[in-house]
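Here the structure comes first, spelled out in structure tokens, and everything after it is commentary.
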Amino acid sequence: MISTAQYARMIQVLKGLVWLYIILWVFEGALRKWVVPSVSTPLLIVRDPVLLGIFYLAIRTRLWPSNWFVTSTIWLAILSLFTGFLKFPENVVVPLFGLRASFLHLPLIFIVPKVFSVDDVRRVGNFVLVVLILMTPVMVMQFRSSPEAWWNATAGGEGAQLGTAGGKIRAAGFFSFISGPTVFLPLCVAYILESQFRAKTQPIWLLIPATVGLATSVAVSGSRGTMYGVLLVVAFGLFAVILLQPKAAPRWIVGGLVALVIMSFLTQSGSVFSEGAEVMQQRTDQVRAAHGEGEILQRVIEGLISPLDLFAVTPLLGHGLGMGTNVGSQMLTGETKFLLAEGEWQRNILESGPILGILFIGLRIALVVTLGSACIASARKGNVLPWLLFGASFLSILNGQLMQTTLMGFAVIAGGLCVAAMNDPALQPTSAAEPELGFAGGA
């Protein structure tokens, strides 16, 4: 029997472990490429012991989420793992890592709102904006350094980051790869934009340098995906101010004018922002010349519909859970490469087969639709933060590469924050967001 005092301490430890998971997600790339590169590979799973601790305490405190998404995820994980064992009876590590890559971390999406209130979600926002301010000069240094510079090492302390135009690299900041800033910077935008709907959510001394850091970081990232991710969240904000919270329009006008002043200053000052923007434009022109207009949109559409072509050529039980991951390919062939497919949905079908694969894809689609509907309802009531966080994270939840540890970590963190942001006592009578989402068996 757990006493009241013990229960309270366990809840605080559980919340602390969630914070530790978030902090490790931000800084594990720095550990892998700068601090202890010799153990880069083991650090791929540095968050897993923390996750297992979270699971243990969630079960002990009866906060384990029992809704249709978590239950369905567990059953799909068991069935996929079983078929993986059938495919790799002599190498069970491959399907076990596949289990970790595709399923293990997903329940965290619904554990976070069990212990985080909307105020906790905003504290995470303050944390990521401080990280953004600290990371901006690092990205600038990476951008201005040669590709072979120590700053631009990849995980393991060797190699170089992906290049962009003008002989520059795609600055990864604290993350091990450019995929980190591609999802981290849109998350920062969501928190910055909330200040345009709700006053005093973040202090002005934090918002102004964070906004400058955001613009600079996007420019020197050399990544069109990062730029489009930021613009997507801005589009979600505009949708909210036009259709959901029109009374916020005056604040948006003022905020837009301030942003224009900042952008004009950065452009005219001859700062690194101007140089980064020029490199970004060169990269955009190169891709447009090679692939035509709308290349990004075309890639997104292909990623959503191309799995349909795999049904007729994929074995009923697939090629085996974990085979499509980089770790799986290393174990099976001794090389790190895509053995099945680079796209996430293609990997899901090729690994687990057309039946289990499409069920998993359908589960992710259902979660995004349910979550998006709940976020719109929350925004109509005056809490726009969940909608903005949804704009930053829904593509990662929908078909982001879960086998890539940074992207998988972002999907579950941002998804959990999105749900937890609905825990606003001023707008709903309960302390748990799950009933608002329609997840049976909530807290």
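The values are calculated or read from the model by the stated rules, or taken from the named source; none is laboratory data. Bear in mind that the values here come from a model prediction, so they are computed numbers and not experimental data. Quick reminder, even Gly has a Cβ in these numbers, built from the backbone with ideal geometry, and neighbours come from all protein chains shown.
Within the set of pairs 6+ apart or on separate chains, which have a first residue in region 183-206 that is of a type in the set (Gly, Ala, Ser), a second that is part of a helix (DSSP H, G or I), and C-beta atoms under 7 Å apart?
Short answer, once both residue conditions are applied: ALA190/VAL233; ALA190/LEU388; ALA190/LEU389; ALA190/GLY391; ALA190/ALA392; SER195/LEU207.
Determine, yes or no, whether LEU43 is more than 19 Å from the chain's Cα centre (by Cα), hydrophobic (A, V, I, L, M, F, W, C) and surrounded by 15 or more Cβ atoms within 10 Å (Cβ to Cβ).
Here the answer is no, as LEU43 does not meet what is asked.
Taking region 207-220 on its own, how many of its residues are in contact (Cβ under 8 Å) with a residue 60 or more places away in the chain and of a type in the set (S, T, N, Q)?
Looking only at that region, the number is 2.
Filter region 235-283 down to residues that are within 17 Å of SER217 (Cβ to Cβ) and among the aromatic types (Phe, Trp, Tyr) and give me whichever is nearest to the chain's Cα centre (by Cα).
Residue satisfying both the conditions and the ranking: PHE273.
Could you tell me which residue of region 185-206 is modelled with the lowest pLDDT, considering only residues that are surrounded by fewer than 20 Cβ atoms within 10 Å (Cβ to Cβ) and among the hydrophobic types (A, V, I, L, M, F, W, C)?
Among those that are surrounded by fewer than 20 Cβ atoms within 10 Å (Cβ to Cβ) and among the hydrophobic types (A, V, I, L, M, F, W, C), it is ALA199.
Looking for whichever is buried (at least 18 other Cβ atoms within 10 Å of the Cβ), in contact (Cβ under 8 Å) with a residue 24 or more places away in the chain and closer than 24 Å to ILE413 by Cβ here; the options are PHE127, PHE177. Which one fits?
Working: PHE127 fails: buried (at least 18 other Cβ atoms within 10 Å of the Cβ).
Checking each option against the conditions leaves just PHE177.
Those residues that are farther than 18 Å from VAL384 by Cβ and in contact with a helix residue (DSSP H, G or I) (Cβ under 7 Å, 6 or more places away or on another chain), I need them from region 232-276; list them, please.
Step one: filter region 232-276 for residues farther than 18 Å from VAL384 by Cβ, giving 257-258, 260-276.
Listed by number, the residues that qualify are ILE262, MET263, LEU266, THR267, VAL272, PHE273, SER274, GLY276.
Looking at SER329, is it surrounded by 15 or more Cβ atoms within 10 Å (Cβ to Cβ), over 23 Å from the mean Cα position of the chain (by Cα), of a type in the set (Ser, Thr, Tyr) and under 30 Å from THR211 (Cβ atoms)?
no
Checking VAL35 against (1) of a type outside the set (Phe, Trp, Tyr); (2) surrounded by fewer than 19 Cβ atoms within 10 Å (Cβ to Cβ); (3) at pLDDT 95 or above; (4) under 18 Å from VAL138 (Cα atoms), which single condition isn't satisfied?
If we test VAL35 against (1) of a type outside the set (Phe, Trp, Tyr); (2) surrounded by fewer than 19 Cβ atoms within 10 Å (Cβ to Cβ); (3) at pLDDT 95 or above; (4) under 18 Å from VAL138 (Cα atoms), just (3) comes out false.
Give me a count of the residues in region 31-49 that are under 14 Å from PHE175 (Cβ atoms) and polar (S, T, N, Q).
Selection size over region 31-49: 1.
Which of the residues belonging to region 45-61 are assigned to a helix (DSSP H, G or I) and β-branched (Val, Ile, Thr)?
Selection gives ILE45, VAL50, ILE54, ILE59.
Give me the pairs, please: first residue somewhere in region 147-171 and under 14 Å from LYS33 (Cβ atoms), second residue anywhere and of a type in the set (Asp, Glu), beta-carbon distance under 9 Å, and either six or more positions apart or on two chains.
From residues that are under 14 Å from LYS33 (Cβ atoms), the pairs are ALA160/GLU148.
If you take just the helices (runs of 4 or more DSSP H) that sit entirely in region 340-443, which of them hold at least 2 residues that are within 29 Å of PRO246 (Cβ to Cβ) and modelled with pLDDT of 95 or more?
344-380, 385-399, 405-420
Give me the pairs, please: first residue somewhere in region 221-248 and of a type in the set (Val, Ile, Thr), second residue anywhere and surrounded by fewer than 18 Cβ atoms within 10 Å (Cβ to Cβ), beta-carbon distance under 6 Å, and either six or more positions apart or on two chains.
From residues that are of a type in the set (Val, Ile, Thr), the pairs are VAL241/ALA249.
If you go through region 88-96 one residue at a time, do you hit one that is touching a residue at least 60 places away in the same chain (Cβ under 8 Å), surrounded by 23 or more Cβ atoms within 10 Å (Cβ to Cβ) and over 17 Å from the mean Cα position of the chain (by Cα)?
Kept after step one, since they are touching a residue at least 60 places away in the same chain (Cβ under 8 Å), are these residues of region 88-96: 88, 91, 93-96.
Those left that are additionally surrounded by 23 or more Cβ atoms within 10 Å (Cβ to Cβ): 94-95.
Next cut, over 17 Å from the mean Cα position of the chain (by Cα) only: 94-95.
Looking through region 88-96, at least one residue is touching a residue at least 60 places away in the same chain (Cβ under 8 Å), surrounded by 23 or more Cβ atoms within 10 Å (Cβ to Cβ) and over 17 Å from the mean Cα position of the chain (by Cα).
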